[in-house]
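Structure first, commentary second.
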Amino acid sequence: MHLLPKFDFYEPDSMAEACKVLAETKTEGKIIAGGTDIMVNMKKGLLSPKYLVSLAKIPGVSSIEPITGGIVIGPNLIVAKLIEFDLMRKKFNLLSKAASVLGSPLIRNRATIGGNIVTARPAADLPPPLMAMGARVVLMRKGKERELPLDDFFVGPGQTKIKPTEILVKIIVDDPPPFTGWDYVKLMHRNALEIAIVAVAVRITLDSPDGIIKDARVILSAVAAKAIHAVSAEKILIGEKPTAKLFARAASLASTDCTPITDIRGGAEYRCAMVETLTNRALSAALLQIKSK
């Protein structure tokens, strides 16, 4: 570990001011939220920004606000709050479940939802459930704002479509439709401080309590350069009656949609096999959730 490089620290009290500072510092400025990634990378000598811009004093960036048909989550919201808030545990429990297995309690009480998104780690815990929920992000830069589906946000490891002078200012999640179930399953060696070997988030929506699947999302994590849709699995699920046989077939197809690498945490063949197992398990749990409502 190195000593931290020298930098100037800004703590603006409005998003407009933060955008102005970032525009003026151009590529030499970085946003700091929880600091669990950027500070480590600075100590390792991987990053040396001349300016750090904190969002901590900006109103609303650390809150969850209900809106008509959904919620807006501030980028500076601490991950632990996703577990604590009743609204999240009752209505958006897919995200709460993923948050509960993100790192250690210490990390969960420092890391932010925005940071977990913009760092774009292929095995990050929050993007898969957010993608399964159809989340959108709002990006702001001086004088401009744009909205982007999270599906389109990630490019590759550590790479997103956010521009150097843009700030992630909101995450928007719509209310789940009626007869919707979901689940997040993460395979890891230990119960804390562990990066996923494989993780799967699913969401299925039926047209009636005992009807056919009208919408399906199967998101795979840690088995490609970014979190991906298991497109083959999603296609075979839609329009069909949910059965154990259908789920087994979808899970098998999901294992062919991924392109994992072999590393110290697991081999490519093992990861593909686990995608099949976890997808089947998650689909079954999602259906059980619908039936138990």
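Some notes on this structure:
- Scalar couplings 3J(HN,Hα) for the stretch 144-152, obtained by applying the Karplus form with A = 6.51, B = -1.76, C = 1.60 to θ = phi - 60°, are 9, 9, 9, 10, 9, x, 4, 3, 9 Hz; x denotes Gly and Pro.
- For the stretch 1-108, alpha-carbon Rg and Dmax in angstrom: 16.1, 48
- Our summary gives the chain a relative contact order of 15 percent, counting only alpha carbon pairs under 8 angstrom and 6 or more residues apart.
- Computed from label points 7 Å out along Cα-Cβ, the spacing between Lys144 and Ile261 is 3.2 nm.
- In sequence order, the stretch 61-66 has phi-based couplings of 7, 10, 10, 10, 10, x Hz under the Karplus curve 6.51 cos²θ - 1.76 cosθ + 1.60, θ = phi - 60°, and Gly or Pro positions carry x.
- Candidate cross-link partners of Lys91 among the aspartates and glutamates, defined by an alpha-carbon separation under 17 Å and a same-chain spacing of 8 or more, comprise Glu65, Asp174, Asp175, Asp183.
- GNM flexibility winner over the chain from Leu246, Leu278, Leu168 (Cα, springs under 10 Å): Leu246
- Too-long pairs where the Cα-Cα distance tops 18 Å, listed order kept, from Lys43/Lys161; Lys144/Lys170; Lys44/Lys81; Lys50/Lys170; Lys20/Lys144; Lys6/Lys50: Lys43/Lys161; Lys44/Lys81; Lys50/Lys170
- The chain - mean residue ellipticity at 222 nm from DSSP helices (-39,500 (n - 2.57) per run, n ≥ 4, rounded to 500): -9000 deg cm²/dmol
- Maximal additional length on extending the Ile107-Lys291 stretch stands at 62.8 nm, based on 0.36 nm per residue less the C-alpha distance.
- Among complete DSSP H helices in the chain, those whose alpha-carbon atoms stretch at least 24 Å along the helix's long axis and whose mean Kyte-Doolittle hydropathy reaches -1.0 are 268-291.
- Neighbour cut-off at most 16 other Cβ (10 Å), DSSP loop, trypsin sites (Lys or Arg not before Pro), the stretch 146-211: Lys161, Arg190
- Approximating the spin labels as points 7 Å out from Cα along Cα→Cβ, the Glu17-to-Ser54 distance works out to 1.3 nm.
- The simple Förster model, with R0 at 51 Å and r as the Cβ-Cβ distance, assigns Ile67 and Lys43 a FRET efficiency of 0.85.
- Summarising the label geometry, the points placed 7 Å from Cα in the beta-carbon direction at Glu28 and Asp175 lie 5.0 nm from one another.
- Cβ-Cβ FRET estimate between Asp210 and Lys163, R0 fixed at 45 Å, reported to 0.05: 0.40
- In the stretch 17-65, trypsin sites (Lys or Arg not before Pro) in a DSSP loop with at most 15 other beta-carbon atoms within 10 Å: Lys44, Lys50, Lys57
- Restricting the stretch 73-158 to GluC sites (Glu not before Pro) in coil, as DSSP defines it, with at most 16 other Cβ within 10 Å: none
- The calculated FRET efficiency for the pair Ala244 and Arg89, based on their C-beta separation and a Förster distance of 30 Å, comes to about 0.55.
- Peptides 208-218, 70-80 ordered by average Cβ neighbours within 10 Å, highest first: 70-80, 208-218
None of the figures in this text is laboratory data; all of them are computed from the coordinates on show. Remember, predicted model here, so these are calculated numbers, not experimental data. When we count neighbours, we look across all protein chains shown, and the Cβ atoms used for this are built from the backbone with ideal geometry, even at glycine.
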